[in-house]
Amino acid sequence: MKQDSTRNTAYTVDCEDYVHVVKFNPFDTGDACSLIAYGGNNYVVVGTCRFQEEDSEVEGMQYKTLRTFHHGIRVDAIAWSPETRLDALPPQIRFCTAASDRKLRLFTSDLQDKNEFKTFDGHSDYINDLVFAPKEGQEVASVSDDHTCRVWDLEGNEKAHFVLRSPGMSVCWHPEEAYKLMVAEKNGTIRFYDLITQQAIVSLECEQTPLMSADWCLKNTLKIGAVAGSDWLIWDITRSSYPQDKRPVHVDRARLFRWSRVNENLFATTGYPGKTNTQLLVHHLGHPQPILTGTAAVGSGLTWHRTLPLCAVGGDHKIFFWVTEM
């Protein structure tokens, strides 16, 4: 694979505004291109990407904007719906956002005349993360600084409500575990909830704070990863409620943790945005040191491509893409 060096991005896309969040669509849309959404101060842009790593006819990267959705307020998180299809007639784009006004917004578009959005009200504080039910996409879960995790239907009705002991930082829904929800709290606790009984069933402990981000490995349902303080931590939930592996990585505190979608030993972490840039580190569990170090101008957001070992971070008027070796 062609790469400039460890520090340089493989590709960049220019954006009209600061990019607060960026998200590859994790679901198959029936199209060869990958969908990506990014959020700025008052809009969400949905576009398609194609990379030379997957198509020899592409030189570098091809990016095309499909639609810009007016949002009216800063976008803090984006979740894709599995109902998004590019091979349908007409196509359907569906995603949900969390915004700084404590509301969720569900957008549905056919990229032509139909552009609808619904607002979900209920959280009383900042929403940190949200996710669609991965099979049918008929529900959305969200976590907030208001110490709750809430599950909504697509009309905005609350279907479940879990009271947390501290701010909810991450929420994950695994396609192979459709009746369980993983919720990570700032106090260092990660709990799994049974959505049928609406009870907590398993909990994991970081033993350090603040936990800022956690993720459930797509390729191995027993693996959980998180960043807390300046460390990354990995659990095997069959072995212990305490991490099996941890390492200090970001001097000034770590911000985000994301597993690769193609390799259960590959993951990325970001540091807090400094005055000028943010550090991105890509790690492989078989290697003692990060296998890639990147920097982005005041980066935010972190997302992996669905089928390539390629991740993206948003930043100042740009999206940065890095390609890693498997």
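The values are calculated or read from the model by the stated rules, or taken from the named source; none is laboratory data. Keep in mind it's a predicted model, so treat the numbers as computed, not measured. FYI the Cβ positions are ideal-geometry reconstructions off the backbone, even for glycines, and counts take in every protein chain you see. Accessible surface is based on the protein model in full, side chains and every heavy atom, while ligands, DNA and RNA are left aside. Shrake-Rupley method; radii C 1.70, N 1.55, O 1.52, S 1.80 Å.
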Restricting to the stretch 87-103, count the residues that are closer than 19 Å to Glu136 by Cα and in contact with a strand residue (DSSP E or B) (Cβ under 7 Å, 6 or more places away or on another chain).
7
Restricted to the stretch 269-281 and to residues being farther than 18 Å from Thr12 by Cα and assigned to a loop (DSSP other than H, G, I, E, B), the residue least open to solvent (accessible area, probe 1.4 Å) is Gly274
Filtering the stretch 55-76 for residues that are open to solvent by less than 70 Å² (accessible area, probe 1.4 Å) and either closer than 25 Å to Glu158 by Cβ or β-branched (Val, Ile, Thr) (or both) leaves a count of 8
Exactly one of (1) under 26 Å from Tyr126 (Cβ atoms); (2) open to solvent by 10 Å² or more (accessible area, probe 1.4 Å) is unmet by Ala79. Its number?
(2)
Among the residues in the stretch 1-20, are any within 20 Å of Thr108 (Cβ to Cβ) and among the hydrophobic types (A, V, I, L, M, F, W, C)?
no
Those residues of the stretch 97-152 that are among the charged types (D, E, K, R), assigned to a loop (DSSP other than H, G, I, E, B) and surrounded by 14 or more Cβ atoms within 10 Å (Cβ to Cβ) come to a total of 6
Please list, ordered by first then second residue, the pairs with beta carbon atoms under 8 Å, 6 or more apart or interchain, first in the stretch 88-100 and in contact (Cβ under 8 Å) with a residue 12 or more places away in the chain and among the charged types (D, E, K, R), second surrounded by fewer than 19 Cβ atoms within 10 Å (Cβ to Cβ) and part of a strand (DSSP E or B).
Arg94/Thr108
For residues that are surrounded by 22 or more Cβ atoms within 10 Å (Cβ to Cβ) and under 18 Å from the mean Cα position of the chain (by Cα), scanning just the stretch 282-299, find the one that is modelled with the lowest pLDDT.
Gly299
Kindly provide the set of residues from the stretch 231-272 that are more than 19 Å from the chain's Cα centre (by Cα) and among the aliphatic types (A, V, I, L, M), ordered by number.
Ile237, Val249, Val251
Name every residue in the stretch 19-43 that is within 18 Å of the chain's Cα centre (by Cα) and closer than 14 Å to Lys318 by Cα, in order of residue number.
Val19, His20, Val21, Val22, Lys23, Ile36, Ala37, Tyr38, Gly39, Gly40
Residues in the stretch 60-70 that are closer than 19 Å to Phe320 by Cβ and modelled with pLDDT of 95 or more total 5
Checking the structure you have, find out if any residue of the stretch 306-316 is open to solvent by less than 60 Å² (accessible area, probe 1.4 Å), in a loop (DSSP other than H, G, I, E, B) and of a type outside the set (Gly, Ala, Ser).
yes
Let me spell it out: the conditions are (1) touching a Lys or Arg at 6+ places or on another chain (Cβ under 9 Å); (2) over 20 Å from Val140 (Cβ atoms); (3) in a loop (DSSP other than H, G, I, E, B), and Asp55 meets all of them except one. Which number is the exception?
(1)
Any strands (runs of 3 or more DSSP E) falling wholly within the stretch 153-268 and containing at least 1 residues that are free of Cβ contacts under 8 Å to residues at least 12 places away in the same chain and open to solvent by 10 Å² or more (accessible area, probe 1.4 Å):
199-205
